[in-house]
Amino acid sequence: MIHPTALIDSRAQIDSSASIGPYAIIDGPVKLGPGVKVEAHAQVLGDTTVGANSIIGRAAIIGGDPQDLSF
């Protein structure tokens, strides 16, 4: 199920059994496998693949630049 407030990039490949919560953002050629759950306000960005039955927690950001840029 994809919540109606979620923003989904047209390049994303989302398995029919994945769940995407309210205000989540899927941006880029993201691949979400079977049973993946993306919770409210989470973001999955870029060329990111999320494997089966993974959970992306509320407000998490996956695939973006790190907050600490001094690496």
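Just going by the charge dipole of the chain, with Lys and Arg at +1 and Asp and Glu at -1 on Cβ, which of A40, S54, S16 is farthest out on the positive end?
S16
Taking the Cα centre of region 13-68 as origin, work out the dipole magnitude from +1 charges on Lys and Arg Cβ and -1 charges on Asp and Glu Cβ, in debye rounded to 20.
For this selection, approximately 220 debye.
Among rounded, prolate and oblate, which fits the chain when a ≥ b ≥ c are the square roots of the eigenvalues of its C-alpha gyration tensor, a/c under 1.5 means rounded, and a/b larger than b/c means prolate? Walk me through the numbers before you get to the answer.
On the way: a/c = 1.67, a/b = 1.51, b/c = 1.11.
Prolate is the answer for the chain, as a/c is 1.5 or above and a/b outweighs b/c.
Only Cα pairs under 8 Å and at least 6 apart count here; give the relative contact order of the chain as a rounded whole percent.
Here the relative contact order equals 25 percent.
None of the figures in this text is laboratory data; all of them are computed from the coordinates on show. If you're wondering where the values come from, they're calculated on a predicted model, not measured in any experiment. In this analysis, Cβ positions are derived from the backbone assuming ideal geometry, glycine residues included, and neighbour counts consider all displayed protein chains.
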